[in-house]
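*Asks:* Once you've had a glance at the structure underneath, I'll fire off some questions.
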Amino acid sequence: MRSIIILIAFAMAAGPVLASDAEERIKASRATVKSFMVDLKGELQSAMKAGGPVNAIQVCKQKAPQIAARISNEKGWDVGRTSLKLRNPNNAADEWEKQVLQKFEQRKANGEDPKTIEFHEVVIKGDKKQFRYMKAIPTAPVCLACHGEKIKPKVATKLDQLYPDDMARGFKAGDIRGAFTIIQPM
């Protein structure tokens with residue numbers, strides 16, 4: 001009986017610790033996504049000023065993966081971007097990410113603001129636990145120059161050259177363009 005009481009007391013004490021750990025991981029994930037967004041936005045704005053949307057395409061092709069790699073190395077996590085409508089096949093969603101992206105679309109369809117849509121979960125891969133986090137990327141009006149329904153011919157030509165299998169077009173402002181995705185080992 002005493003061992004059962006001790007076990008129950010331990011389980012009750014562990015609950016808040018686990019909740020606290022999850023909250024810390026969520027907070028750290030949000031900060032990481034914010035850092036990624038700020039860095040990427042700065043690079044895109046500079047490129048747009050220097051040469052318009054055609055110039056900005058190189059940022060998404062070259063700089064965004066570099067930013068993701070730098071943050072991944074700094075954190076010891078896997079940090080990136082993905083989408084249901086890919087431009088870069090290197091950003092292909094795994095099954096878990098696809099399911100989350102589909103849930104994001106449903107949440108948006110139910111009236112949730114894409115700016116606030118996020119999801120996290122502890123998953124087991126093999127014999128290891130991972131904390132997984134995703135944050136929706138809403139399509140801003142400026143994104144439509146490369147991702148919208150009406151893309152200028154010079155931009156379309158450059159996209160066709162760099163991304164022959166591009167599916168990341170036809171978006172409207174406010175659509176979910178994709179998501180930032182983070183895997184933290186536990």
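The values are calculated or read from the model by the stated rules, or taken from the named source; none is laboratory data. Fair warning: this is a prediction, and the values are worked out from it, not measured in the lab. Don't worry about glycine lacking a Cβ; one is built from the backbone with ideal geometry, like all the others, and counts go over all protein chains shown.
*Asks:* Just checking, which of Thr116, Thr157 is of a type in the set (S, T, N, Q) and either touching a His at 6+ places or on another chain (Cβ under 6 Å) or more than 27 Å from Arg25 (Cβ to Cβ) (or both)?
*Replies:* Details: Thr116 fails: either touching a His at 6+ places or on another chain (Cβ under 6 Å) or more than 27 Å from Arg25 (Cβ to Cβ) (or both).
From the options Thr116, Thr157, the qualifying one is Thr157.
*Asks:* Let me ask something else. Looking at the structure I just gave you, is Lys115 touching a Pro at 6+ places or on another chain (Cβ under 8 Å) and farther than 20 Å from Arg81 by Cβ?
*Replies:* No.
One line per residue, one yes/no per condition, for (1) at pLDDT below 90; (2) farther than 29 Å from Arg87 by Cβ; (3) not in a helix (DSSP H, G or I):
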residue	(1), (2), (3)
Ala9	yes, yes, no
Gly15	yes, yes, no
Lys27	no, yes, no
Ala31	no, no, no
Ser35	no, no, no
Ala50	no, no, no
Lys61	no, no, no
Gln66	no, no, no
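*Asks:* Looking for whichever is closer than 22 Å to Gly148 by Cα, among the basic types (Lys, Arg) and in contact with a strand residue (DSSP E or B) (Cβ under 7 Å, 6 or more places away or on another chain) here; the options are Arg81, Arg87. Which one fits?
*Replies:* Values: Arg87 fails: in contact with a strand residue (DSSP E or B) (Cβ under 7 Å, 6 or more places away or on another chain).
One residue alone meets the criteria, Arg81.
*Asks:* Shifting gears a bit: Mind checking which residues of the range 130-150 are over 18 Å from the mean Cα position of the chain (by Cα) and either surrounded by 20 or more Cβ atoms within 10 Å (Cβ to Cβ) or of a type in the set (Lys, Arg) (or both)? Don't jump to the end; show me each part of the working.
*Replies:* Keep residues of the range 130-150 that are over 18 Å from the mean Cα position of the chain (by Cα), which gives 141-142, 144-146, 148-150.
Once the filter is applied, which keeps residues that are over 18 Å from the mean Cα position of the chain (by Cα) and either surrounded by 20 or more Cβ atoms within 10 Å (Cβ to Cβ) or of a type in the set (Lys, Arg) (or both), the range 130-150 yields Cys146, Lys150.
*Asks:* Of the conditions (1) of a type in the set (Gly, Ala, Ser); (2) more than 29 Å from Asp165 (Cβ to Cβ); (3) at pLDDT below 95; (4) crowded, with 16+ Cβ neighbours inside 10 Å, Ala56 clears all except one; give me its number.
*Replies:* (2)
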